[in-house]
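Notes follow the structure.
The values are calculated or read from the model by the stated rules, or taken from the named source; none is laboratory data. Given the structure is predicted, the values throughout are model-derived calculations rather than measurements. With ideal geometry, Cβ positions are generated from the backbone for all residues, glycine too; neighbour counts draw on all protein chains shown.
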Amino acid sequence: MKKILILISVVFFTLIFINPVNSYALENPEGKSTTQVTNAEEHNIFETPPSPYMVIPFIILLLMNSTGPLFYKHFWEHNYPKVSISLGLVTVFYYLFIFDDPLSLLHTLEEYISFIALLTSLFVASGGILIRIDKKSTPVANVVLLFVGAIISNLIGTTGASMLLIRPFIRMNRNRIKPYHIIFFIFIVSNIGGALTPIGDPPLFLGFLKGIEFFWVIQHVWHIWLLTIVIVLSIFFVIDYLNYKKDGVSEKDDFTGKIQIKGKKNFIYLLIIIISVFMDPAIISWVPSLGVLPFGIREIIMFSVAFISYKRADKEALKGNEFDFEPIKEVAFLFVGIFATMIPALQLVAYETHKYGSKLTADIFYWGTGILSSILDNAPTYLNFLSAAMGKFGLNIENYQHVKEFELHDPIYLMAISVGAVFFGAMTYIGNGPNFMVKSISESSGIKLPSFFGYVMKYSVPILLPVFTLVWYLFFYGRG
Amino acid sequence: MTKIKTALESKRNGIYYNNRIILPFKCEFLKIIFENKIITDFSSGNPDVEIVEHENFTDIYFKKYKDIQNEFSKYESIKLIVCEKDADIFDFNNHIKLLLYIENEHIIKIELPDENQIIID
């Protein structure tokens, strides 16, 4: 099975990479990464869009990704790499031999490598840090931890922050832990918190790779973020306070109030990863381009840090975190298929919205991105709606200059899409990668959590939906 | 009958073959936690695990797996909440939390959780 997967992967990348388009990359005179270069040979998707049938592999993959872990878990656990790569290969063949647009594949390959380099390095480096908070579980202490988690998620990603803080959070609350503790952790640390920077949540990093400026998000959505975090934390405080008063904490426990950290050196690795995000020729001019290769200095640093941080990690920290590569392996395999199959979907969305764009408002982008981010993965959803919003103005998401133009054009659309994608990822277990990871860690600690529908009906709909409706009313209603 | 306490004090390991774990003691099972499954139903029809008691040891069969070695990394563990056969099961102080680590050559390392590992009773 492993041999077959390796073979398929090699074919997949070879088809994209060993292609005449790379001679163009070699000739790229400005030393910029190929992601940011517009090629005269690139298809004008507003004149010749790809076949609508090419959306089918993307839809199949997203549906299977959403339903597999819930309804046919055993099959999905053992076959998702084959499914993802096979569907991806359909798109690769189409773009190489029928649609004759290899450049779109190359752009996508570069973005995939950047994306997976960031997630892998953050996952591995944060997995080697073990935090122990010897503090009494009080509603105030929980609120502080969740708020700190919301901020940290913008520095090391929602995945990194969830990995780093879920165990200390469970440990601190071990004497009175209830499912709502974990659910609010998913709401705040694994999702809403990470809305301020491209490192925070995968959709925003994809936007950054497409050309959205790094600090654009924090400049435009900080007030929405703050209001939402304050409201959700306030709701949590009330629930936790009532639970605390009812149950209390066993008085026999002695707490030192100390915070112990094992694997502190991994914070240095995390810092290197964060700095390396900016190591792109398009951001810092002296950073060299690697020309023909579909990755740059940034990705080399990230993968190297991942390797070194794992090899030199504190073994006790890895053991305490029950470190396993399976979650990141799953993301790597699933997203190779998602990135490939997403190409025609993005182009068709841009094509269609260019035709009917005048009817699309910020309300539609907020709710559309949000609802689909709840049930599908929020990263591809974000890109599809970004593509749609740009298509409204005749701009192509694959064109770096077009993205720059769009972020200056009218920020309300990008704000609606960014907030919708990140916030609504909290609506279900499958809305965002870390949700399932936190669920899995909590259950492996012996905490029984609600089912998929229990989560939605007991928590998301009564708590998050009114908050997100308020956000829409205050910031997006009737605008754009 | 081998007790849990005796097995821990003498640092005895368990063993495994494919999906069968053999523990070097007898006990009452309260919870088995592996991956994201929490098993509390130990009746014979359970689709996930089956427990078979012998004179001096206990088998756990993980019915959904072919080989448990393929399912757990070296840092992951199977967690048990158990009780000595002759202890008062209704007293929470008698509940013992154990971690089982899958090692090479069919060895199952049995450990008590340290301060970093969490098992909610």
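General observations
- Residue match in the stretch A:40-60 (condition: touching a helix residue (DSSP H, G or I) at 6+ places or on another chain (Cβ under 8 Å), at pLDDT below 55 and closer than 28 Å to A:V349 by Cβ): yes
- Test for A:F169: is it crowded, with 23+ Cβ neighbours inside 10 Å, closer than 21 Å to A:Y429 by Cα and more than 21 Å from the chain's Cα centre (by Cα): yes
- Applying the condition of being part of a strand (DSSP E or B) and among the hydroxyl-bearing types (S, T, Y) to the stretch B:50-68 and asking which residue is nearest to the other protein chains (Cβ to nearest Cβ) yields B:Y61.
- Residues that are more than 21 Å from A:G127 (Cα to Cα), out of contact with any His (no Cβ under 7 Å at 6 or more places or on another chain) and either within 14 Å of chain A (Cβ to nearest Cβ) or hydrophobic (A, V, I, L, M, F, W, C) (or both), drawn from the stretch B:71-99: B:L80, B:V82, B:A87, B:I89, B:F90, B:F92, B:N93, B:H95, B:I96, B:K97, B:L98
- A:P168 more than 18 Å from A:L119 (Cα to Cα) and touching a Pro at 6+ places or on another chain (Cβ under 7 Å): no
- Condition met for A:F123 (assigned to a helix (DSSP H, G or I), within 14 Å of chain B (Cβ to nearest Cβ) and crowded, with 23+ Cβ neighbours inside 10 Å): yes
- Odd one out for B:L80 among (1) within 27 Å of A:M437 (Cα to Cα); (2) out of contact with any Leu (no Cβ under 6 Å at 6 or more places or on another chain): (2)
- Residue that is nearest to the other protein chains (Cβ to nearest Cβ), among those in the stretch A:126-144 that are closer than 14 Å to A:G320 by Cα and crowded, with 19+ Cβ neighbours inside 10 Å: A:L130
- Of the numbered criteria (1) more than 30 Å from B:I118 (Cα to Cα); (2) touching a residue at least 12 places away in the same chain (Cβ under 8 Å), the one A:F97 fails is (2).
Here's the yes/no breakdown for (1) closer than 18 Å to B:I119 by Cα; (2) part of a helix (DSSP H, G or I); (3) among the basic types (K, R):
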position: A:L146; (1), (2), (3): no, yes, no
position: A:I152; (1), (2), (3): no, yes, no
position: A:G157; (1), (2), (3): no, yes, no
position: A:G160; (1), (2), (3): no, yes, no
position: A:R167; (1), (2), (3): yes, yes, yes
position: A:I170; (1), (2), (3): yes, yes, no
position: A:I177; (1), (2), (3): yes, no, no
position: A:F184; (1), (2), (3): no, yes, no
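- Screening B:E111 against (1) within 14 Å of chain A (Cβ to nearest Cβ); (2) in contact (Cβ under 8 Å) with a residue 40 or more places away in the chain leaves a single unmet condition, (2).
- Counting only residues that are touching a residue at least 12 places away in the same chain (Cβ under 8 Å) and at the interface with another protein chain (Cβ under 8 Å from one of its Cβ atoms), the stretch A:443-463 holds 4 of them.
- Flag if B:I51 is among the β-branched types (V, I, T) and touching a residue at least 24 places away in the same chain (Cβ under 8 Å): no
- Selection of the stretch B:92-105 for residues being modelled with pLDDT of 90 or more and part of a loop (DSSP other than H, G, I, E, B) yields only B:H95.
- The criterion of at least 1 residues that are within 14 Å of chain A (Cβ to nearest Cβ) is met, among strands (runs of 3 or more DSSP E) falling completely within the stretch B:1-49, by B:28-34, B:37-39.
- Scanning the stretch B:5-39 for residues that are among the aromatic types (F, W, Y), surrounded by 17 or more Cβ atoms within 10 Å (Cβ to Cβ) and farther than 14 Å from B:V82 by Cα yields B:Y16, B:F34.
- Selected residue (only one of A:I430, A:I412, A:I417 is aliphatic (A, V, I, L, M) and in contact with a Gly (Cβ under 7 Å, 6 or more places away or on another chain)): A:I412
- Pairs where the first residue, in the stretch A:293-322, is within 11 Å of another protein chain (Cβ to nearest Cβ) and touching a residue at least 40 places away in the same chain (Cβ under 8 Å) and the second is among the charged types (D, E, K, R) and assigned to a helix (DSSP H, G or I), C-beta under 7 Å, 6+ apart: A:N321/A:R167
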